[in-house]
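Engineer: Have a look at the structure that comes next, please.
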Amino acid sequence: MFSCAPALASADAGSVSTSISPEVAQIRRAYYQQISMLLVSKLRYKPEFSGQKCSIEIEQSNTGEVINIAFLSCRSEAFQDHVRQIVQQSSPLPLPSNPEAFVTKVPATFYYEPE
């Protein structure tokens, strides 16, 4: 099963303000989930991905265009290439319903665990 888990606590560090309202926090969680669902929908199974994990930070413009993908850790060059490809194919990323929930850097971890 493929997964993409946004690092919600870390991603708040990329926001303009250090303190957000509970309403904006809820919108931000939905925003991260929307990005996660988009990215996971593009992941493709390959046997060599079994047990692989890749942590990244996606930098985006205020229109959702992917500017940079920083790989924080990745166990496999092939999986890293696949993650890079799906993030680039997903550009522009969706925007949140409330601009206050937007962040320029979105950390996420991709992993494949066999069922």
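The values are calculated or read from the model by the stated rules, or taken from the named source; none is laboratory data. Computed from a predicted structure; not experimentally measured. For neighbour counting, all protein chains shown are included, and Cβ atoms are generated from backbone atoms with ideal geometry for every residue, glycine included.
Engineer: Scanning for something under 13 Å from TYR111 (Cα atoms) and part of a loop (DSSP other than H, G, I, E, B), does region 53-76 turn up at least one residue?
Structural biologist: Yes, region 53-76 contains a residue that is under 13 Å from TYR111 (Cα atoms) and part of a loop (DSSP other than H, G, I, E, B).
Engineer: Checking GLN33 against (1) at pLDDT 95 or above; (2) out of contact with any strand residue (DSSP E or B) (no Cβ under 6 Å at 6 or more places or on another chain), only one condition comes out false. Which one?
Structural biologist: Result: GLN33 passes all but (1).
Engineer: Report yes if TYR45 is in contact (Cβ under 8 Å) with a residue 60 or more places away in the chain and either surrounded by 15 or more Cβ atoms within 10 Å (Cβ to Cβ) or in a strand (DSSP E or B) (or both), otherwise no. Lay out the reasoning, then the answer.
Structural biologist: Numbers: in contact (Cβ under 8 Å) with a residue 60 or more places away in the chain: yes; either surrounded by 15 or more Cβ atoms within 10 Å (Cβ to Cβ) or in a strand (DSSP E or B) (or both): no.
When the stated conditions are applied, TYR45 does not pass them.
Engineer: Return a yes/no flag: does region 82-90 have any residue that is touching a Pro at 6+ places or on another chain (Cβ under 6 Å) and of a type in the set (Gly, Ala, Ser).
Structural biologist: Looking for residues that are touching a Pro at 6+ places or on another chain (Cβ under 6 Å) and of a type in the set (Gly, Ala, Ser), one finds none in region 82-90, hence no.
Engineer: Now a separate question. Among (1) assigned to a helix (DSSP H, G or I); (2) of a type outside the set (A, V, I, L, M, F, W, C); (3) at pLDDT below 90, there is one condition SER19 misses while meeting the rest; what is its number?
Structural biologist: The failed condition is (1).
Engineer: Further, regarding this structure: Could you tell me which residue of region 92-101 is farthest from the chain's Cα centre (by Cα), considering only residues that are surrounded by 15 or more Cβ atoms within 10 Å (Cβ to Cβ) and part of a loop (DSSP other than H, G, I, E, B)?
Structural biologist: ASN98
Engineer: May I ask you to list pairs of residues, at least six apart or on different chains, whose Cβ atoms are under 7 Å apart, with the first in region 54-73 being at positive phi and without any contact (Cβ under 8 Å) to a residue 60 or more places away in the chain and the second being outside any strand (DSSP E or B) and exposed (fewer than 12 other Cβ atoms within 10 Å of the Cβ)?
Structural biologist: Pairs that qualify, where the first residue is at positive phi and without any contact (Cβ under 8 Å) to a residue 60 or more places away in the chain and the partner is outside any strand (DSSP E or B) and exposed (fewer than 12 other Cβ atoms within 10 Å of the Cβ), are GLY64/PRO92.
Engineer: Among the residues in region 47-58, are any of a type in the set (Gly, Ala, Ser) and in contact with a helix residue (DSSP H, G or I) (Cβ under 9 Å, 6 or more places away or on another chain)? Reasoning before the result, please.
Structural biologist: Applying the first criterion (of a type in the set (Gly, Ala, Ser)) to region 47-58 yields 50-51, 55.
Filter once more, so that each one left must be in contact with a helix residue (DSSP H, G or I) (Cβ under 9 Å, 6 or more places away or on another chain): none.
Within region 47-58 (the criterion being of a type in the set (Gly, Ala, Ser) and in contact with a helix residue (DSSP H, G or I) (Cβ under 9 Å, 6 or more places away or on another chain)), the answer is no, since none of the residues qualifies.
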